[in-house]
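**Student:** Dropping a structure here in structure tokens format, bear with me for questions.
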Amino acid sequence: MAPPSEEPTDGAVSPADYRTLCDLLRERTGLSFTEAKRYYVQRRLAERVEATRMPSVRDYLNLLRFQASGAEMQLLVNLMTVNETYFFREKYQLDCLVNGMLDEVVRHRRPGERVRLWSAGCATGEEPYSIAITLLERWPRVDEFQIELYASDIDSMALDRAREGVYGERSLQALPAELVERYFRPVAPGSWRIIDELRESVDFSLVNIVDPAQVRRFTGIDVVFCRNLLIYFDDLGRRNAAAMFHEALSPGGFVALGHSESMSRMSSLFVPRRFPDAILYQKPAEGAGA
Amino acid sequence: MGLVKAGSKGTLGTAPTGAAAPEDWTALLEHADAGHRRHAAQALGDRPDAAATLAARLPREPDPAVREALLTALVRIGSPEAAAGLAPMLASEDAGLRNGALESLQQMPVDAVEPQMDALAGSDDSDLRIFAVLLAARLGPAERSARLHQALERDPHVNVGLTAAEAVAELGDPAALPALEAFAARFPDDPCVAYTVDAARRRFRGAS
Ligand SMILES: C[S@@+](CC[C@H](N)C(=O)[O-])C[C@H]1O[C@@H](n2cnc3c(N)ncnc32)[C@H](O)[C@@H]1O
């Protein structure tokens, strides 16, 4: 059993309370905070304890656990996530999308049928908008199909910014100038807003990818982009996420992970597929076995 | 056509919400439809008392995705009962199941798996004994040393000893030196053993 927690002096959190918090976050979000992240977690925790005027960390933890609305959990999660992203990050996968992956997805589809793409863990929206731009610019068959683009994240603040679609130079730096010209409008010095046509083409929603009840809404997905998210999970979280994607995907559908992430270490349900631009993970087609 | 407007989609399925009563989940684990079985397995992962039920379904489960959901649920439960339910599958003829069980046990807390330790360490399968060594390295100091030293001094399979040698080197415990030397003496012609033992010796010297 955990030893009784001493009350924090100097804003520090007792080891037992730290453990309780990490366990709770892992259970609810898949995010795994080790001892090495203690300072990072502690600072944000102290901020929320103060903002909620809870008399102690222990009281705050109880609020997190039992509050019916989950509002405080949401606020804390927003603080704990790492939202770093930019346009055309890991562009080789976007290349892959239009250099073979989508052609394979639609091989047995007739014009007019649906293609569903999902950016799971979209942060402030750069990833789904990059996908949209890439499709419009570089996939010759873009007009033949009804392409549905979904994007989700567990962080409600990041999603608000994604919906708003206003970006600074840092976000845009990998984007060629003519694409900025075509798909953005300046709103202030050093600040551009993505054009409405693109903003309206992405369906943003708040989804925790390790919660089956939330993910179950996603069905018949052809490609999941889940990049630079699973690095923050532990083994079990990764395994859960892999199972969720497997369930959401159509047979033959693909998962694109970040460059340091590999499905073979998290799930036996997918087979690696090597394309000229990238390695992807494929849900076996029906009858092909796993 | 092309990119569809977000507002005009609304075509994603509305999933049935998890409204089933707890006792129904257990029954659904045997349902003819794999989707139901998978959801039941996911739901039962919240219920520590379901460990034995989940484990019992595993060897009979033909669908790989449901099998994965069963294993994941057991890892989530992560109790000694869950580990005990998985342990017998380490001897399964079915390689997929065996590997799945092994991988899942590795992801469980060491306290949950510790009761299975003697069975693992005494197994005929050297892979399982390697696993026992890896687990032992995560135990408290007293228990740990006894098990690691034993593997070094006695295990007939060189790979089990090598795993233990790497573990003691990593832990930097000079008390393991005699056991390491004994290991080196048992496999005098194996360059891998010589190399690993030598690396450990140097490591201890650097540490002391
Ligand atoms: C570093 S960003 C990656 C953004 C983008 N995919 C990229 O590669 O640039 C990671 C995002 O994952 C989100 N995230 C973390 N845990 C999540 C979960 N359980 N469900 C959904 N999103 C999650 C975070 O909120 C964060 O916005």
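The values are calculated or read from the model by the stated rules, or taken from the named source; none is laboratory data. Values in this document were obtained by computation on a predicted structure and should not be read as measured data. Reconstructed Cβ throughout: ideal geometry from the backbone, glycine too, with neighbour counts over all protein chains shown. Side chains are part of the model used for accessible areas, which takes the heavy atoms of the whole protein and leaves out ligands, DNA and RNA. Shrake-Rupley method; radii C 1.70, N 1.55, O 1.52, S 1.80 Å.
**Student:** Out of segment B:43-68, which residues are in contact with a Phe, Trp or Tyr (Cβ under 9 Å, 6 or more places away or on another chain) and open to solvent by less than 40 Å² (accessible area, probe 1.4 Å)?
**Tutor:** Matches in segment B:43-68: B:ALA43, B:LEU44, B:ALA50.
**Student:** Also, quick follow-up: Return yes when B:ARG57 is within 25 Å of A:VAL210 (Cβ to Cβ), assigned to a helix (DSSP H, G or I) and within 12 Å of chain A (Cβ to nearest Cβ) and no when it is not.
**Tutor:** So B:ARG57 fails the test.
**Student:** Go through (1) open to solvent by less than 30 Å² (accessible area, probe 1.4 Å); (2) assigned to a loop (DSSP other than H, G, I, E, B) for A:SER69 and report which single condition fails.
**Tutor:** (1)
**Student:** For segment B:99-119, indicate whether the set of residues that are on the phi < 0 side of the Ramachandran plot, buried (at least 22 other Cβ atoms within 10 Å of the Cβ) and assigned to a loop (DSSP other than H, G, I, E, B) is non-empty.
**Tutor:** Yes: one or more hits.
**Student:** Just to be sure I understand, how many residues within segment A:239-290 are in contact with a helix residue (DSSP H, G or I) (Cβ under 8 Å, 6 or more places away or on another chain), at positive phi and at pLDDT below 90?
**Tutor:** Total satisfying the criteria: 1.
**Student:** Tell me which residues, restricted to segment A:184-203, are open to solvent by less than 20 Å² (accessible area, probe 1.4 Å) and among the aromatic types (Phe, Trp, Tyr).
**Tutor:** The one that is open to solvent by less than 20 Å² (accessible area, probe 1.4 Å) and among the aromatic types (Phe, Trp, Tyr): A:PHE184.
**Student:** Continuing with the same structure: Being open to solvent by 60 Å² or more (accessible area, probe 1.4 Å) and more than 13 Å from chain B (Cβ to nearest Cβ) is the filter here; which residues of segment A:104-137 pass it?
**Tutor:** A:ARG107, A:HIS108 - these are the residues of segment A:104-137 that are open to solvent by 60 Å² or more (accessible area, probe 1.4 Å) and more than 13 Å from chain B (Cβ to nearest Cβ).
**Student:** Could you tell me which of the residues A:GLN173, A:GLN214 is assigned by TED's automatic domain parsing to the domain that holds A:ARG114, free of Cβ contacts under 8 Å to residues at least 12 places away in the same chain and of a type outside the set (A, V, I, L, M)?
**Tutor:** A:GLN214
**Student:** Within segment A:206-216, take every residue that is open to solvent by less than 20 Å² (accessible area, probe 1.4 Å) and either part of a strand (DSSP E or B) or in contact with a strand residue (DSSP E or B) (Cβ under 6 Å, 6 or more places away or on another chain) (or both) and give me the one that is farthest from the other protein chains (Cβ to nearest Cβ).
**Tutor:** Of everything passing the filter in segment A:206-216, A:ILE209 is farthest from the other protein chains (Cβ to nearest Cβ).
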